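Below is one structure; the comments refer to it alone.
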Amino acid sequence: MLMPDADVIAGVMARYRAQERLVLAAPHDPLARRRFEDTAYTLCVLMGERTAREAMLAAQRYLGRVRPSPQCAEGRSGTSRRR
């Protein structure tokens with residue numbers, strides 16, 4: 001089974017948590033809820049799980065085995081161009 005890059009997973013997890021806080025602060029904001037749901041869906045697809053909770057747990061387990069690069073923690077994508 002192919003697994004996504006650890007940096008990608010870490011980035012989506014960070015977005016998920018940030019958007020979760022926004023939804024909790026403004027539960028009736030449809031745009032905040034839509035962004036949160038879209039990010040949850042992306043995480044589910046990346047991790048091959050049916051619920052956001054299962055996907056977050058799977059992502060945490062996966063990142064515990066494969067550490068993301070320091071570039072992800074700095075907010076960069078971690079990709080480089082070849083010339």
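The values are calculated or read from the model by the stated rules, or taken from the named source; none is laboratory data. Note that the structure is a prediction, hence the values are computed from the model and not measured. Heads up, the Cβs are rebuilt from the backbone with ideal geometry, glycines too, and the neighbour counts pull from every protein chain shown. The area values use the complete protein model at the heavy-atom level, side chains included, leaving out ligands, DNA and RNA. Shrake-Rupley method; radii C 1.70, N 1.55, O 1.52, S 1.80 Å.
Observations, loosely collected:
- Some residue of region 27-36 being open to solvent by less than 70 Å² (accessible area, probe 1.4 Å) and under 15 Å from the mean Cα position of the chain (by Cα): yes
- Enumeration of residues in region 7-18 that are farther than 14 Å from Cys44 by Cβ and not hydrophobic (A, V, I, L, M, F, W, C): Asp7, Gly11, Arg17
- Members of region 43-59 found to be part of a helix (DSSP H, G or I) and basic (Lys, Arg), listed by number: Arg53
- Odd one out for Val66 among (1) open to solvent by 30 Å² or more (accessible area, probe 1.4 Å); (2) at pLDDT 95 or above; (3) among the aliphatic types (A, V, I, L, M): (2)
- Pairing each residue of region 15-33 that is in contact (Cβ under 8 Å) with a residue 24 or more places away in the chain with any residue that is polar (S, T, N, Q), provided the two are 6+ apart or on different chains, yields C-beta distances under 7 Å for Arg15/Thr39; Tyr16/Thr39.
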